[in-house]
Every structure is written in structure tokens, then in C-alpha cells.
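Trainee: Okay, handing you the structure first.
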Amino acid sequence: MRLIRPALPRRLILATPALLIRPAAAEAPRTPAQMEGPYFPRAIPADADADLMRVAGQPREARGQPLLFEGVVRGRDGAALPGITVQIWQADAEGIYLHPSDPRLAQRDAGFQGYGRTVTDAAGRYAFRTIRPGLYPGRTPHIHLRATSADGRLNLTTQAYFPDSPQNANDFLLARLPAESRALLMTRLTAMDSGQRATLDIVLG
């Protein structure tokens, strides 16, 4: 005897193929890596918090244009990544690094920390109070950044740039990157009463 299967509801028949062919969500492009550079601090300063404009024991704040440097760290699926250690290091307002190999170290601004670190919050956010870096010979203004997960599996070293810097056009490191990669390293600038906000979101993968 031939068995007769019950008919499926029409709405289920129509919905089932759509479920089978639903495309996977597109992954966000990774933030491009760049070289660490020669001036990562040889020794982490005693004051290494996220406020680079104020150094413990110094009577004044850093010279230069105040900058809130902030962003969100995400995975390629778009999910926020909490607990990521973010480190930055940069030149002071005169383009001098906190490093013994910098030939102008003696003229460095003692009120500027030069290095800072923080950990992303539950929403993946990081923020630093710093200054716009001065011109270092041969380069456009930039901030070095490193983002590392607690287990070390996610690790990125790169550099952040300012879209309004005329020196960008002649920077040899930027020139090595394709246009779409350069765009991912450009901060989004907005004005603040006390200076500027520079936003750079980071995608790790």
C-alpha cells in the first residue's frame, strides 16, 4: 500500500529555501598593520595611564593642542571586544619621542607622558587624553598604536593618521598602502571646546 505524506503548509514550503540560501554576513576588513617604528619606549614610564597630558610629579600639563584619541575595538564579525589592552606612543608637540635614540631628547617636553595604555571596556571602547603630535623629521604626524588580547591571540601594531595633515601626501609609509588601507588608518576628526577629538575604530582578526 502506498503511503501518502501529509502536505506541508504553503508558508513553510516558501520559507524553507530562503533559510537554506541565506548568505553569510560580510566580515569587516581588518585594520592594516604597520611597523612599530624605532621609538617604542625601552622602559615603560612609571606614569603610563591613559592621560598623556599630565605626568605625575610635573607641575604643568603638556604643551600642544589637546586631543581626545578614542575608538572601539571589534572583531571581524562586528562584535565589540572588551578586555583588549591598547597602548599608544607618540612624539610631543615638537616632534620628540620619549626614547634615548631621539637626538633631541634633551629638549623633550617633560610635561608630556609620551606613552599610555588602557583596557577596552565592556563595549570595546578605549580613550586617551593626549595632544596632536608634532612633526617628526621625514614623517607626517601620527600616533603609534598596539592592541592585544589577554591571551595574545589577537595582536595588532599600526599607526593612526590625521586626514587634514598636508604631509600625508609625501609620507613613505602611507604611500606603501593601497588607498582602501590608508582610509582605514585615518582618524575621524571633530572639534571640541578644548581641542579635537580623533576617532579610530580598530578591527582585529
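The values are calculated or read from the model by the stated rules, or taken from the named source; none is laboratory data. This one's a predicted model, so the numbers in the text were calculated from it and none came from an experiment. All Cβ positions, glycine included, derive from the backbone under ideal geometry; neighbour counts span all protein chains shown. Surface areas here come from the heavy atoms of the whole protein model, side chains and all, with no ligands, DNA or RNA. Shrake-Rupley method; radii C 1.70, N 1.55, O 1.52, S 1.80 Å.
Trainee: Can you tell me the dipole magnitude for the chain around its Cα centre, using point charges on the Cβ only (Lys, Arg +1; Asp, Glu -1), in Debye to the nearest 20? Don't skip to the answer; put the middle values down first.
Mentor: On the way: 25 positive and 19 negative charges, 241 e Å.
Dipole about the Cα centre, nearest 20: 1160 debye.
Trainee: Once fully extended, how much extra length lies between Ala175 and Ala191, figured as 0.36 nm per residue of separation less the alpha-carbon to alpha-carbon distance?
Mentor: The span from Ala175 to Ala191 would gain 3.0 nm if fully extended.
Trainee: 222 nm [θ] for the chain, helices only, -39500 (n - 2.57) per DSSP H run of 4+, per residue, to 500?
Mentor: Rounded to the nearest 500, the figure is -2500 deg cm²/dmol.
Trainee: Cα axis of helix 10-20 to longest principal axis of the chain: angle in degrees, 0 to 90, nearest 10?
Mentor: It is inclined by approximately 40 degrees.
Trainee: For mean projected area of the Cα convex hull in nm², which listed value, (1) 11.0; (2) 10.3; (3) 18.1, comes from the coordinates shown?
Mentor: (3)
Trainee: Apply the a/c threshold of 1.5 to the C-alpha gyration tensor of the range 123-200 and tell me whether it is rounded, prolate or oblate.
Mentor: Oblate, since a/c reaches 1.5 and b/c is not below a/b.
Trainee: Work out which GluC sites (Glu not before Pro) in the chain are exposed loop sites (DSSP not H, G, I, E or B, at most 14 other Cβ within 10 Å) and give the longest gap free of them.
Mentor: Answer from the scan: 37-205.
Trainee: Give the long-range amide H neighbours of Asp201: residues separated by 5 or more places, or on another chain, with amide H under 5 Å away, using H modelled in the peptide plane at 1.01 Å from N.
Mentor: Placed amide hydrogens put Val72 under 5 Å from Asp201.
Trainee: What figure in square angstrom, to the nearest 10, would you give for the accessible area of Ser194 with a 1.4 Å probe?
Mentor: 80 Å²
Trainee: Another question, if that's okay. Report the accessible area of Leu184, computed with a 1.4 Å probe over the heavy atoms of all protein chains in place, in Å² rounded to the nearest 10.
Mentor: 60 Å²
Trainee: Of all DSSP beta bridges in the chain, what percent run antiparallel (nearest 5)?
Mentor: If I count the DSSP bridges inside the chain, around 75 percent turn out antiparallel.
Trainee: Continuing with this model, one more query. Using a 1.4 angstrom probe on the protein heavy atoms only, line up Arg197, Arg117, Arg42 by accessible area, largest first. Walk me through the numbers on the way to the answer.
Mentor: Numbers: Arg197 80, Arg117 115, Arg42 175 Å².
Result of the area sort, largest leading: Arg42, Arg117, Arg197.
Trainee: Taking 8 Å as the Cα distance limit and 6 or more residues as the minimum spacing, I'd like the relative contact order of the chain as a percentage.
Mentor: Relative CO of the chain lands at 27 percent.
Trainee: Rounded to the nearest 0.05, what FRET efficiency do Ala122 and Arg54 have when you use their Cβ-Cβ distance and R0 = 35 Å?
Mentor: Details: r = 26 Å, r/R0 = 0.74.
Efficiency for this residue pair is about 0.85.
Trainee: Oh, and also: Please compute the modelled spin-label separation between Phe40 and Ala150, points set 7 Å along Cα→Cβ, answer in nm with one decimal.
Mentor: 2.2 nm
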